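S.K.: Right, I'll just put the structure down here and ask away after.
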Amino acid sequence: MLLACREIQKTFHEEPVLKGGYFHLEEKEKAAVVGINGAGKTTLLNVITGVYAPDGGEVILTKDARLGYLKQHQEISSDATIYDEVASARADIFEMERQLRVLEAEMAGKDGEALAGLMEEYSRLSHRFEDEGGYALRSEIAGVIKGLGFSEEDFGKPCRVLSGGEKTRVALGKLLLSRPDLILLDEPTNHLDIRSVAWLEGYLKDYPGAVLIVSHDRYFMDRVVTKIIEVELGRVSMYSGNYTAYAAKKAAERQIALKHYINQQKVIKHEEEVIAKLKSFNREKSIKRAESREKRLDMIERLEKPQEVRDAMHLTLASSSVSGEQVLEVRDLSKGFGTRTLFAGLDFTVRRGEKTAIIGDNGTGKTSLLKIVTGALTPDTGSVRLGAQVRTGYYDQEQHLFDESNTLFDEFRLSYPRMTDTEIRNTLASFLFTGDDVFKPISILSGGEKGRLSLAKLMLSPCNFLILDEPTNHLDITSREILEEALSRYEGTLLFVSHDRYFINRLAGRILELDGCTLTEYAGNYDYYLEKKAQMRDAASSAAGSDAAGPASETDAAREWRNKKEADAQRRKKENDLKRCEEAIEQAEAALARLEAQMASPEVAVDPVRLMALDKEAGDLRARLEELYSKWEELA
């Protein structure tokens with residue numbers, strides 16, 4: 001056992017954050033710490049690393065085990081270059097190399113016993129240098145820096161000019177290369193693009209030591225960890241398996257606990273009613289029996305009510321009207337800044353009801369593309385055309401339009417006067433604003449908090465085309481799941497940029513990848529995109545092999561395997577398309593039923609203008625349903 005935490009307790013300003021529990025880590029084990037924002041995850045890491053002393057309990061670490069800790073925010077202000085800063089993690093190996101060069105120079109002028117002594121020392125040091133990977137070190141350093149999203153041109157950039165996210169990546173590179181026995185990472189994927197996160201997954205899975213990660217990236221956790229450490233209401237619990245396995249076990253546990261709690265409450269209520277009845281008889285025997293029952297009732301160990309799950313709340317995204325079939329048409333689009341071209345010759349169309357994800361490495365122009373679509377940025381060439389009756393809503397990570405003098409609650413009450421106080425509070429709670437937080441003035445919110453507030457308002461806006469730039473940033477897992485559920489039921493059209501692969505997988509029916517100034521389309525979710533990319537790589541490798549070795553016929557087994565993979569991919573795509581079509585039909589039918597009910601109401605029947613507007617909207621929905629029914633027949 002490498003690490004064990006027993007009954008850790010920590011209190012800040014008389015407010016208990018950690019209240020006990022137990023978990024342990026074995027050597028080479030990979031685990032994740034999960035919990036809502038503010039649950040105490042970072043506090044737990046700080047106790048393990050000794051930044052905070054626990055108020056109770058103990059942290060047991062194997063003797064001489066080395067810890068490495070990556071905090072969320074790093075301050076690297078040295079004049080060292082990115083390469084030199086990362087390489088400093090293996091200064092001991094570079095010192096060994098320097099000593100070898102010194103020995104080589106000394107041996108050049110020696111002979112006899114002096115030479116023999118130097119050669120013996122050189123051989124010993126050379127073996128140690130080789131055992132610790134010295135000969136491959138420069139290649140490893142370059143691989144780590146590139147894996148974390150830096151280009152070779154960035155190697156010489158001084159660290160003092162880097163952004164906060166870039167500094168965090170440099171610190172992560174140093175930590176990985178220092179090879180501690182236990183790596184502790186606090187939100188390591190926050191500043192990485194999809195390709196860098198995939199690289200980090202592979203690195204950590206093969207890492208020879210243990211890893212403990214605080215993360216909200218469910219896809220990352222599913223691929224890396226085999227144990228989940230949960231912090232809930234201050235208690236620490238341990239679950240085997242990845243995140244998906246944990247979520248299933250947790251849901252089952254919560255259902256059982258809730259059932260036990262409800263049953264106990266029924267028993268308590270029944271006993272209290274019997275006791276009250278016995279006392280009401282006002283006779284000596286009945287009063288004694290009541291007192292006896294009261295004693296038994298007092299001895300019952302009361303179960304705590306299971307924590308309410310915020311994903312039980314539902315955000316309903318309004319769509320003010322139905323847009324035309326073609327929502328967005330982009331033709332021959334290009335954009336660059338200075339001498340650098342972001343993209344050129346982009347062509348794509350977005351149709352009504354589609355949910356499309358734009359992915360790509362950092363710096364490929366994803367956000368710029370969204371800004372061009374919304375009109376916030378002018379393209380160098382090409383055109384962007386929105387379809388008929390399209391009403392857009394845009395979430396930008398950086399720009400949030402509020403009256404800063406308002407409280408959060410007032411901002412919602414003024415923007416949405418028909419919402420009840422409870423509805424406002426529930427919506428704000430879904431985006432992590434609870435209790436007295438709703439009465440904070442917007443002016444004192446952090447950038448991340450303003451982003452969450454902006455997203456909460458957008459979710460209630462009457463748009464039929466939502467454009468979102470990294471909507472899950474600054475959200476914990478529960479809030480991400482609430483947002484996913486709302487967007488999956490959204491009847492309008494969705495175009496979004498995200499690095500959250502779980503989020504993409506859940507929502508996207510189409511992926512547009514920006515890579516090398518061009519756009520490639522994949523008709524499916526993220527898993528389908530990965531599968532197609534793998535097939536394309538295999539095909540390219542096979543073609544390269546065939547060119548090198550001369551023409552060769554495909555074996556029957558290989559052909560059968562390839563055909564099966566293609567058939568499976570087509571089948572999955574068809575099943576996904578059919579499911580989405582059925583969901584769209586269900587949503588359209590429900591919307592039509594609501595409209596017909598409104599048209600049948602007495603107040604609408606005497607209002608010709610409103611009746612005509614509703615009738616037109618109902619006609620559009622019926623036409624949409626006819627298209628969906630035809631599409632369903634074709635797919636089914």
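S.K.: Would you tally the residues in segment 183-201 being touching a helix residue (DSSP H, G or I) at 6+ places or on another chain (Cβ under 6 Å) and of a type in the set (S, T, N, Q)?
M.R.: Residues flagged as touching a helix residue (DSSP H, G or I) at 6+ places or on another chain (Cβ under 6 Å) and of a type in the set (S, T, N, Q) within segment 183-201 amount to 1.
S.K.: What is the number of the single condition among (1) surrounded by fewer than 16 Cβ atoms within 10 Å (Cβ to Cβ); (2) part of a loop (DSSP other than H, G, I, E, B) that residue 402 does not meet?
M.R.: With respect to (1) surrounded by fewer than 16 Cβ atoms within 10 Å (Cβ to Cβ); (2) part of a loop (DSSP other than H, G, I, E, B), residue 402 is out only on (1).
S.K.: Could you please find all residues in segment 471-495 being over 20 Å from residue 391 (Cα atoms) and not β-branched (Val, Ile, Thr)? Please lay out each step first, then the result.
M.R.: Step one: list which residues in segment 471-495 are over 20 Å from residue 391 (Cα atoms), which gives 472-485.
Answer for segment 471-495, where residues must be over 20 Å from residue 391 (Cα atoms) and not β-branched (Val, Ile, Thr): 473, 474, 475, 476, 479, 480, 481, 483, 484, 485.
S.K.: Next question, about the same structure. Determine which member of the set 113, 58 is farther than 30 Å from residue 146 by Cβ, exposed (fewer than 15 other Cβ atoms within 10 Å of the Cβ) and touching a Lys or Arg at 6+ places or on another chain (Cβ under 7 Å).
M.R.: Details: 113 fails: touching a Lys or Arg at 6+ places or on another chain (Cβ under 7 Å).
So the residue among 113, 58 that is farther than 30 Å from residue 146 by Cβ, exposed (fewer than 15 other Cβ atoms within 10 Å of the Cβ) and touching a Lys or Arg at 6+ places or on another chain (Cβ under 7 Å) is 58.
S.K.: Follow-up question, since we're still on this one. Touching a residue at least 40 places away in the same chain (Cβ under 8 Å) and farther than 30 Å from residue 50 by Cα - does that describe any residue in segment 97-112? Break it down stepwise before answering.
M.R.: Going through segment 97-112, the residues touching a residue at least 40 places away in the same chain (Cβ under 8 Å) turn out to be none.
No, segment 97-112 has no match at all.
S.K.: Okay, moving on. Of 77, 88, 126, which residue is over 30 Å from residue 194 (Cα atoms), assigned by TED's automatic domain parsing to the domain that holds residue 180 and not β-branched (Val, Ile, Thr)? Walk me through how you get there before you give the answer.
M.R.: Numbers: 77 fails: over 30 Å from residue 194 (Cα atoms); 88 fails: over 30 Å from residue 194 (Cα atoms).
Result: 126 is the single residue among 77, 88, 126 that is over 30 Å from residue 194 (Cα atoms), assigned by TED's automatic domain parsing to the domain that holds residue 180 and not β-branched (Val, Ile, Thr).
S.K.: Now for a different question. From 340, 296, 391, 385, which residue is surrounded by fewer than 19 Cβ atoms within 10 Å (Cβ to Cβ) and either closer than 30 Å to residue 272 by Cβ or at pLDDT below 85 (or both)? Before you say what the answer is, go through the steps one by one.
M.R.: Numbers: 340 fails: either closer than 30 Å to residue 272 by Cβ or at pLDDT below 85 (or both); 391 fails: either closer than 30 Å to residue 272 by Cβ or at pLDDT below 85 (or both); 385 fails: either closer than 30 Å to residue 272 by Cβ or at pLDDT below 85 (or both).
Answer to the check: 296.
S.K.: For residues in segment 518-571 being among the hydroxyl-bearing types (Ser, Thr, Tyr) and at pLDDT 70 or above, which is farthest from the chain's Cα centre (by Cα)?
M.R.: Step one: list which residues in segment 518-571 are among the hydroxyl-bearing types (Ser, Thr, Tyr), which gives 518, 520, 522, 526, 528-529, 541-542, 546, 553, 555.
Cutting the leftovers down to at pLDDT 70 or above gives us 518, 520, 522, 526, 528-529, 541-542.
Working: 518: 26, 520: 23, 522: 21, 526: 13, 528: 19, 529: 18, 541: 32, 542: 35 Å.
Of everything passing the filter in segment 518-571, 542 is farthest from the chain's Cα centre (by Cα).
S.K.: A further question on this structure: Which members of segment 306-333 meet the condition of being polar (S, T, N, Q), surrounded by fewer than 16 Cβ atoms within 10 Å (Cβ to Cβ) and either at pLDDT 95 or above or touching an Asp or Glu at 6+ places or on another chain (Cβ under 9 Å) (or both)?
M.R.: As a first pass, look at segment 306-333 and keep what is polar (S, T, N, Q): 307, 316, 319-321, 323, 326.
Remaining after also requiring surrounded by fewer than 16 Cβ atoms within 10 Å (Cβ to Cβ): 307, 316, 320-321, 326.
Once the filter is applied, which keeps residues that are polar (S, T, N, Q), surrounded by fewer than 16 Cβ atoms within 10 Å (Cβ to Cβ) and either at pLDDT 95 or above or touching an Asp or Glu at 6+ places or on another chain (Cβ under 9 Å) (or both), segment 306-333 yields 307, 321.
S.K.: Of everything in segment 61-82, what is surrounded by 19 or more Cβ atoms within 10 Å (Cβ to Cβ) and touching a Phe, Trp or Tyr at 6+ places or on another chain (Cβ under 9 Å)? Give them in sequence order.
M.R.: 82
S.K.: Going by what's in this entry, would residue 204 be described as modelled with pLDDT of 90 or more, under 22 Å from residue 43 (Cα atoms) and buried (at least 19 other Cβ atoms within 10 Å of the Cβ)? Even if it seems obvious, please write down each step before you answer.
M.R.: Details: modelled with pLDDT of 90 or more: yes; under 22 Å from residue 43 (Cα atoms): no; buried (at least 19 other Cβ atoms within 10 Å of the Cβ): yes.
For residue 204, the condition - modelled with pLDDT of 90 or more, under 22 Å from residue 43 (Cα atoms) and buried (at least 19 other Cβ atoms within 10 Å of the Cβ) - is not met.
S.K.: Within segment 19-55, which residues are loosely packed, with under 14 Cβ neighbours inside 10 Å and aliphatic (A, V, I, L, M)?
M.R.: 51, 53
Here is a yes/no grid of residues against (1) part of a loop (DSSP other than H, G, I, E, B); (2) within 28 Å of the chain's Cα centre (by Cα); (3) not charged (D, E, K, R):
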position: 47; (1), (2), (3): no, yes, yes
position: 53; (1), (2), (3): yes, no, yes
position: 64; (1), (2), (3): yes, no, no
position: 78; (1), (2), (3): yes, no, yes
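S.K.: Output the number of residues of segment 599-636 satisfying the condition of being without any contact (Cβ under 8 Å) to a residue 60 or more places away in the chain and farther than 21 Å from residue 492 by Cα.
M.R.: 17
S.K.: Next question, about the same structure. Hey, among 617, 575, 627, which residue is surrounded by 11 or more Cβ atoms within 10 Å (Cβ to Cβ), assigned to a helix (DSSP H, G or I), modelled with pLDDT under 80 and out of contact with any Gly (no Cβ under 8 Å at 6 or more places or on another chain)? Before you say what the answer is, go through the steps one by one.
M.R.: Details: 617 fails: modelled with pLDDT under 80; 627 fails: modelled with pLDDT under 80.
It is 575.
The values are calculated or read from the model by the stated rules, or taken from the named source; none is laboratory data. Keep in mind the model is a prediction, meaning the values are calculated, not measured. As a convention, Cβ positions derive from the backbone with ideal geometry for all residues, glycine included, and neighbour counts pool all protein chains shown.
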